[in-house]
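*Asks:* Input: one structure, supplied below.
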Amino acid sequence: MFRNFWRKSGDCSKAEVEHSPSQSSSVDYEMVLFALLDEVERRSEFSRGWIRGFLELRGVTREALAEWLRGFGERLQSGEEHQELGERLLRLGRLDEGELCRVAGLIGGRLERECPQAPKDEAEAWWNRGNECYRAGDFEGAISSYDKVLNTKPDLPEIWIIRGIAFDHLGRYEDAIASFDKVLDIKPDYHTAWLIRGDSLHNLGRDEEAVASFDKALDINPDYQTWYNRGISLHNLGRNEEAVASFDKALDIESDSHAAWHNRGISLDNLGRHEDAMASLDKALDIKSDLHEAWFNRGILLHNLDQYEDAMASLDKALDINPDYYAAWHSRGISLHDLGRYEEAITSFDKALDINPDYYAAWTSRGNSLNILDRYEEAITSLDKALDIKSDLYEAWFNRGISLDNLGRHEEAISNYDQGLTCVLKEANPEGWGNLQRGKGNIYFYQAQNSQNIRTSKIYYSQAVTVYNTARQTLESFPRFYLELIQNLITTYIGLGDSETADQWRIKGLEVFRQLLNAQSTPLQKRNLETKFSSFSRIAIDRLLAQGETIVALETAERYKNRCLTWILDEWKEQVISPSYAEILQLLDPQTAIVYWHFSDESLTTFILTPTSEDPIVLENPLPYDRAKKLQSWIKSWNTQYNDYRTKKANQADHSWRKALSTQLTKLKELLQIQTIESHLPNIQNLILLPHRDLHRFPLHALFSESLTVSYLPSIQIGLNLNSRSSDRTSFLLNVEDPDRGNSMPFAQLESVILKAMFAPNTFSIPPEKSDRATVESALKTHHGIFHFTGHANYNDRKPENSELALKNSDTLTAKEISSLDLKNYHLVILSACETALNGTQSIDTEYVGLTSAFLQAGVSHIISTLWTVEEASNAYLMIRFYQFWQAGQESAIALRSAQNWLRTCSNAALAQWLKDLLPKTESDPGAQEYLRSCIQSIECKIDETDPPYRDPYYWAAFTHTGL
């Protein structure tokens, strides 16, 4: 939702239109002057520059009119007949907008001074004194003087109305309304009184009554200002459709009111009509390009659409116009935070706080970014600053508890939530109160999960349930938070071993989730909701399985996968193409089977599709939650060790992740019941694996028998798409040599030299010094058939669609960009770089996305990529051997299996001989040949060692084959 930018009344400035100056007669000037004086009398508010726009629309410049007015004023004789004109010229002069106003003020003042003064009675004297006080800003004095008039003449509506306006200036809105009511008792059809009365009611937050007052004014005179102010009150009442209609009425009268376009955009956004809202904001900015509030709200809209980069561009525009706009610095920081640029986000929050140190929202957001950077002590300090300013800020209490828990200070975290609950009261802030209860329950839940003692764990789970049920008292009224609470209750009851109650909450959660999903007005809102609560999509599949609907469960799981791929790589599509079970079976043949996993928070389901089984085989799962919990624990351990390994470049060979890799994979094989799966695969030679969620990131092919040829697919639908394409096996190779990033990769260079010789003359190589993005992208469009990339890749674990191939001069080619290319003529893509097969794990909309799925989306039939940073020598040996098998006629998946089996069983003696056989392939590059000779000598020094040097799965298991 936008930050509100509401003005009490509209800025009605006209768009500036250029006209050629023209000669005007005295009569023309006189007509324009009196039209201008009428407009000044009509208007209640003015914007800078409106006079110029008013005159230019009539073909007159301010300078020319001022010059004419000097002569006109000299010809005017003072006298009673010019008293009214003098007063009107004075009103124009008080606008203080350039020479024209100055001249008008001088003439008006002269006429007023020289006008013969008639004897005044006492009431008129008090009236004039009140007006002088009003003009001087002494509203208390003005009211006192007006009261003197009203003591003797109580039936003068003009005095009651200006008295009410004086009260309004003092913020005494109840007194103002009482004064306006007096006006309306005397003159019920006084339009201005109804209008200003509505403003005062709006200022008191009594918008229902304000709308009624505006409606009375509109019955008398349906003018711009009343329609505009009515729109503001309707918005504040949440009646956004009516607010838009009211702004439209205002714009029918003054179509160039940037304020009306701006606030109309805000109401449209609140209705979920984001495109219309953006168009309305852009219209406001067309009229007034320096309207920093509109740039700000435009940025907020883009942020809410997850377009964070574009949001920042709009916010930067706002800050260019108003560098002290601390709310824009804060919102800019939030966009940076959501882009994963936490350090920059903190800098932006600090900018906001430099301008307004009491801006508690920025202290809170700053604490959140520090939290994610694991700077928990600093996060607590920042959140404390927020709470010093606003002690009932539940978000700060909530995140402060998270920081304390992350520091292992569990009791302090619970005390934090208890203290927060004394400040955030149930009646005043039911949403905040319920969330603090939920936060407290989370601490008990985490303690239960981390406890090694079963009895203690049960106690903590019971405490969590008690507090979660307390939170239900208010969160049931807030569906999004209620869904989060239901997720907590499901896992907690499972922890207690109460599967029956957990299942009841699953049913309830699905009901709330579907109701909330149906309530969303746009596809994007539905996507965002389904992303946030992806666990309920998975629960739906678990429920179908529990009801024996195996085929429907599989079809539903496949539909979710295809929706995810569509969302992230091809933008949102309302109608996602996804196969039926009968269509899924088209991927099978007598030698091919499919293993399809579905991994929810509570269970792991394995579907096995074989050519001899009519229905999917589902592995028995007697203790689903126990098995899922063990797998989650294994994944957590892998992630912790691997993330530490990949960030430590020194002594990686001795790292615990690398040393324990074989043992870890043996454990994973047991958790996934690979032996049981294989028992259902007699006579099967080819196996298609479809992992789910985190399982995409592990070498599942290495867990199966070496006799099976294994290929991966992100989804069945992608396999069917590939199956329908004719992809000719071609020997034309596009080879991108190691782009020069300052990291010497001699084996990668050796690999390139040998491949060029193997494919000569059907090869086109892009040397390191020319491997910029434009050159690579242009070469890809020539459709060579095979694309071999020997270089670095960067996997973006927060936004996998931004994972990239690293090119020359800091150029990159991202997964998102690759997916939009037409690569249907490519039979084979080899990404001989690190981590190119990794997929996202953060949420449902990224878990299938990476460089591999991008190439599939672009139309490539077969992709070989890597799951981790592979040792350079074994990488080169495996790739060269793969191409030897491939050129001998083996299909890519079989060639990869053959190369992997060769590498893990190859002795030093056999390896040295193989390398000697490759020496002729390096004749074109003496440097590469010399390097290859040194490698052979190094291996021959170890020729007596009996163990194959690359037996460990670290060297060969990272390579995966995806596609059909």
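*Asks:* What number results when the radius of gyration of the chain, computed over Cα atoms, is divided by 2.2 N^0.38 Å?
*Replies:* Against the compact-globule rule of thumb, the ratio is 1.24.
*Asks:* DSSP loop (so not H, G, I, E, B), at most 14 other Cβ within 10 Å: list which GluC sites (Glu not before Pro) in the stretch 846-942 pass both filters.
*Replies:* Passing sites in the stretch 846-942 are E923.
*Asks:* Now, a different point. Which angle between 0 and 90 degrees, to the nearest 10, do you get for helix 926-940 versus the longest principal axis of the chain when only C-alpha atoms count?
*Replies:* It works out to around 60 degrees.
*Asks:* Okay, helix-only estimate at 222 nm for the chain: each DSSP H run of n ≥ 4 adds -39500 (n - 2.57), divide by all residues, round to 500 deg cm²/dmol; what do you get?
*Replies:* Rounded to the nearest 500, the figure is -19000 deg cm²/dmol.
*Asks:* To continue, here is another question. Quick check: residue separation of K426 and N453 times 0.36 nm, minus the Cα distance between them. What number comes out in nm?
*Replies:* 6.2 nm is the gain from fully extending K426 to N453.
*Asks:* Starting at the first residue of the stretch 688-700, write each ³J(HN,Hα) from the Karplus equation 6.51 cos²θ - 1.76 cosθ + 1.60 with θ = phi - 60°, in whole Hz, x for Gly and Pro.
*Replies:* So the Karplus estimates, Gly and Pro as x, are 9, 9, 10, x, 9, 6, 4, 4, 4, 9, 10, x, 5 Hz.
*Asks:* Would you please give the residues with an amide H less than 5 Å from that of A806, counting only those at least 5 places away or on a separate chain, with H modeled from the backbone geometry?
*Replies:* H792, A793, N794
*Asks:* Let me ask something else. Nearest 10 degrees is fine. How inclined is helix 908-918 to the longest principal axis of the chain, computing both from alpha carbons?
*Replies:* Once rounded, one gets 70 degrees.
*Asks:* Using θ = phi - 60° and the Karplus form 6.51 cos²θ - 1.76 cosθ + 1.60, what ³J(HN,Hα) does each residue of the stretch 170-182 get, whole Hz, x for Gly and Pro?
*Replies:* Per-residue couplings from phi come out as 7, x, 9, 6, 5, 5, 4, 4, 4, 5, 5, 4, 5 Hz.
*Asks:* Along the stretch 145-161, what does the Karplus equation 6.51 cos²θ - 1.76 cosθ + 1.60 (θ = phi - 60°) give for ³J(HN,Hα), rounded to whole Hz, x for Gly and Pro?
*Replies:* Once θ is set to phi - 60°, the couplings for the stretch 145-161 become 5, 4, 4, 5, 5, 5, 4, 9, 10, x, 9, 9, x, 4, 6, 4, 6 Hz.
*Asks:* Angle, helix 258-270 long axis vs. longest principal axis of the chain, Cα atoms, 0 to 90°, nearest 10?
*Replies:* 40 degrees
*Asks:* Here's a follow-up. Going by amide H atoms built from the backbone, whose H comes under 5 Å of the H on S731, apart from near neighbours?
*Replies:* Long-range HN contacts for S731: none found.
*Asks:* Strictly greater than 32 Å: what percent of every Cα pair in the stretch 725-963 meets that?
*Replies:* Within the stretch 725-963, distances greater than 32 Å cover 16 percent of Cα pairs.
Every number here is computed from the coordinates shown, using simple stated rules; none is lab data. Fair warning: this is a prediction, and the values are worked out from it, not measured in the lab. Here Cβ is always computed from backbone atoms with ideal geometry, including for glycine, and neighbour counts include all displayed protein chains.
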